[in-house]
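> A single structure is presented below for examination.
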Amino acid sequence: MRVRPLLGAAAGAALLLLAGAAPATASALAPTGSVTVDAVGRIAADGTVTLSGTYRCAGSSGPVFVGSSVSQGASTTRYGIGGTRAVCDGAEHRWVNSGRTGSSALVAGAAHVQATVMELRSFGGLPLPVFHAVQDQDVTLTQARARR
């Protein structure tokens with residue numbers, strides 16, 4: 001017997017179970033939140049990009065993260081820039097993500113950042129993403145100064 005049809009059937013059954021269970025748990029733990037992106041990010045000579053902003057979230061039952069990605073110009077390539085563990089207590093918190101993209105992938109200048117507050121919530125034992133907030137922001141990447 002082929003494995004793919006079995007996996008497809010299992011995934012379909014899991015989605016049906018989740019669809020029935022989601023309304024009961026969604027109302028009790030409805031995701032809420034916001035995220036901002038600072039207008040200026042930093043790029044180091046080695047290609048390390050540092051982005052920052054604020055977030056606020058509440059109503060979580062699983063681990064929550066603030067993720068960010070950056071693109072530049074007309075390119076459709078987005079570079080993931082780190083991830084920060086979030087605390088969903090309803091208060092506003094700062095986030096800072098850093099990641100290395102390669103020395104020539106991005107340059108100082110105009111860029112576009114997307115930040116997300118995403119929770120991994122368990123539905124029937126299967127962790128699925130639940131988004132608390134998403135923000136798209138045009139930013140300026142500035143050359144980070146070398147440390148002495």
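The values are calculated or read from the model by the stated rules, or taken from the named source; none is laboratory data. None of the values given here were measured: they were computed from a predicted structure. Ideal geometry is used to build each Cβ from the backbone, glycine not excepted, and the neighbour counts take in all protein chains shown.
> When you go through GLY102, GLY109 one by one, which is the residue that is exposed (fewer than 14 other Cβ atoms within 10 Å of the Cβ) and within 14 Å of GLY41 (Cα to Cα)?
GLY109
> Report the residue count in region 86-99 for those that are over 18 Å from the mean Cα position of the chain (by Cα) and surrounded by 12 or more Cβ atoms within 10 Å (Cβ to Cβ).
Of the residues in region 86-99, 0 are over 18 Å from the mean Cα position of the chain (by Cα) and surrounded by 12 or more Cβ atoms within 10 Å (Cβ to Cβ).
> Could I ask something else about it? On the basis of being assigned by TED's automatic domain parsing to the domain that holds VAL40, free of Cβ contacts under 8 Å to residues at least 60 places away in the same chain, of a type outside the set (Asp, Glu) and part of a loop (DSSP other than H, G, I, E, B), does GLY90 make the cut?
For GLY90, the condition - assigned by TED's automatic domain parsing to the domain that holds VAL40, free of Cβ contacts under 8 Å to residues at least 60 places away in the same chain, of a type outside the set (Asp, Glu) and part of a loop (DSSP other than H, G, I, E, B) - is met.
> Moving to a separate point now. Answer yes or no: is there a residue in region 126-135 that is under 22 Å from ASP38 (Cα atoms) and free of Cβ contacts under 8 Å to residues at least 60 places away in the same chain.
Looking through region 126-135, none of the residues is under 22 Å from ASP38 (Cα atoms) and free of Cβ contacts under 8 Å to residues at least 60 places away in the same chain.
> Let me ask another. Picking from ARG78, ARG100, which residue would you name as being touching an Asp or Glu at 6+ places or on another chain (Cβ under 9 Å), in contact (Cβ under 8 Å) with a residue 24 or more places away in the chain and in the same structural domain as PHE131 (by TED's automatic domain parsing)?
Unique residue meeting the criteria: ARG100.
> Ok, one more. Could you tell me whether region 29-38 includes any residue that is assigned to a strand (DSSP E or B), touching a Pro at 6+ places or on another chain (Cβ under 9 Å) and modelled with pLDDT under 95? It would help to see each step written out before you state the result.
As a first pass, look at region 29-38 and keep what is assigned to a strand (DSSP E or B): 32-35.
Next cut, touching a Pro at 6+ places or on another chain (Cβ under 9 Å) only: none.
No, every residue in region 29-38 fails to be assigned to a strand (DSSP E or B), touching a Pro at 6+ places or on another chain (Cβ under 9 Å) and modelled with pLDDT under 95.
> Moving on to the next point. Yes or no: region 94-110 includes at least one residue that is charged (D, E, K, R), more than 21 Å from CYS57 (Cα to Cα) and not in a loop (DSSP other than H, G, I, E, B). Even if it seems obvious, please write down each step before you answer.
Here is the first cut: in region 94-110, the residues charged (D, E, K, R) are 94, 100.
Checking the rest, the ones that are also more than 21 Å from CYS57 (Cα to Cα) come to 100.
Still in the list and also not in a loop (DSSP other than H, G, I, E, B): 100.
Scanning region 94-110 turns up at least one residue that is charged (D, E, K, R), more than 21 Å from CYS57 (Cα to Cα) and not in a loop (DSSP other than H, G, I, E, B).
> Just checking, how many residues over region 126-148 are over 22 Å from CYS88 (Cβ atoms) and either at pLDDT 90 or above or surrounded by 12 or more Cβ atoms within 10 Å (Cβ to Cβ) (or both)?
Filtering region 126-148 for residues over 22 Å from CYS88 (Cβ atoms) gives 138-148.
Going one step further and asking which of them are either at pLDDT 90 or above or surrounded by 12 or more Cβ atoms within 10 Å (Cβ to Cβ) (or both), we end up with 138-144.
Matching residues across region 126-148 total 7.
Conditions (1) of a type in the set (A, V, I, L, M); (2) under 19 Å from VAL49 (Cβ atoms), marked per residue:
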residue: ALA86; (1), (2): yes, no
residue: THR101; (1), (2): no, yes
residue: GLU119; (1), (2): no, no
residue: GLY124; (1), (2): no, no
residue: ALA144; (1), (2): yes, yes
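> A further question on this structure: Which condition from (1) exposed (fewer than 14 other Cβ atoms within 10 Å of the Cβ); (2) farther than 23 Å from ASP138 by Cβ; (3) out of contact with any strand residue (DSSP E or B) (no Cβ under 8 Å at 6 or more places or on another chain) is the one that PHE123 breaks?
(1)
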